[in-house]
Amino acid sequence: MICTSLKEDYLDEHQYRVSSYASQIAKRISPGLIEIISFTAAVHDVGKKSINNSILFKPGQLNQDEWVIIRRHPLLGASMIMRRVVKVKNSYKFKPSTIALAVLHHHERWDGSGYPDGQKGEDIPLISRIIAVADAFDAMTTDRPYRKALSKEDAVKEILRYAGTQFDPNIAEAFVCK
Ligand SMILES: [Fe+2]
């Protein structure tokens, strides 16, 4: 019971912050999409609900097998959305397939080195590219079992350092130029 609520709390808090950062980006580059981006970011990691806490909260580095399991979470999340296990807010307005696709690709990288499909550049859905920046910023600025959080200033530097490789450069700029 305690473990379940630990996971729920961690996911809810992480997704809430990512949704807030993603909305800030959307406001600058695509105001018409704020609502769908905010909702998608709020469920982007829902596939992690199916992953064991011993992997999710492992205090050390993950081994290869554990990485394989972790890397399934975008597909698991997309599938949960398509099967309506996750209820899509305003589904009359937002197609579950659009949200599922964005969730599926939120770990792709601009240079094609991400997963699950190694999509590149603008082939990656815009919502996924926005979530990728917001997600990385939140990951860097919160404590993890194996490392301390970076300051917001250092995290911004990291986002800019990887603009054009990991991140869509326009989105990275839009996020950091406040
Ligand atoms: Fe994720």
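Numbers at a glance
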{"quantity": "Filter result for T40 (within 13 Å of the ligand (Cβ to nearest atom), among the β-branched types (V, I, T), touching a residue at least 24 places away in the same chain (Cβ under 8 Å) and part of a helix (DSSP H, G or I))", "calculated": "yes"}
{"quantity": "Members of the stretch 87-116 that are outside any helix (DSSP H, G or I), within 19 Å of V46 (Cα to Cα) and away from the ligand (no atom under 14 Å from the Cβ)", "calculated": "K87, V88, K89, N90, S91, F94, K95"}
{"quantity": "Single condition E35 does not satisfy, out of (1) modelled with pLDDT of 95 or more; (2) assigned to a helix (DSSP H, G or I)", "calculated": "(1)"}
{"quantity": "Among the candidates K7, K58, K87, K48, residue that is surrounded by fewer than 14 Cβ atoms within 10 Å (Cβ to Cβ) and not polar (S, T, N, Q)", "calculated": "K87"}
{"quantity": "Residue check, A139 within 16 Å of the ligand (Cβ to nearest atom), more than 16 Å from A102 (Cβ to Cβ), of a type in the set (A, V, I, L, M) and in a helix (DSSP H, G or I)", "calculated": "yes"}
{"quantity": "Number of positions in the stretch 55-86 that are away from the ligand (no atom under 16 Å from the Cβ) and either under 16 Å from L11 (Cβ atoms) or touching a residue at least 40 places away in the same chain (Cβ under 8 Å) (or both)", "calculated": "4"}
{"quantity": "Candidate set: the stretch 152-178, residues that are under 25 Å from K58 (Cβ atoms) and of a type outside the set (A, V, I, L, M); chosen: the one surrounded by the most Cβ atoms within 10 Å (Cβ to Cβ)", "calculated": "Q166"}
{"quantity": "Criterion (over 16 Å from the mean Cα position of the chain (by Cα) and hydroxyl-bearing (S, T, Y)) met by exactly one of S19, S30", "calculated": "S30"}
{"quantity": "Answer from A78, A102, A22, A41 - the residue that is more than 28 Å from V156 (Cα to Cα), at pLDDT 95 or above and of a type in the set (A, V, I, L, M, F, W, C)", "calculated": "A78"}
{"quantity": "Every pair of residues 6+ apart whose Cβ atoms lie under 7 Å, when the first sits in the stretch 98-117 and is closer than 15 Å to R72 by Cβ while the second is within 14 Å of the ligand (Cβ to nearest atom) and basic (K, R)", "calculated": "Y115/R71; P116/R71"}
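The values are calculated or read from the model by the stated rules, or taken from the named source; none is laboratory data. Owing to the predicted nature of the structure, the values given are computational and were not obtained by experimental measurement. So basically every Cβ, Gly included, is an ideal-geometry build from the backbone, and we count neighbours across all protein chains shown.
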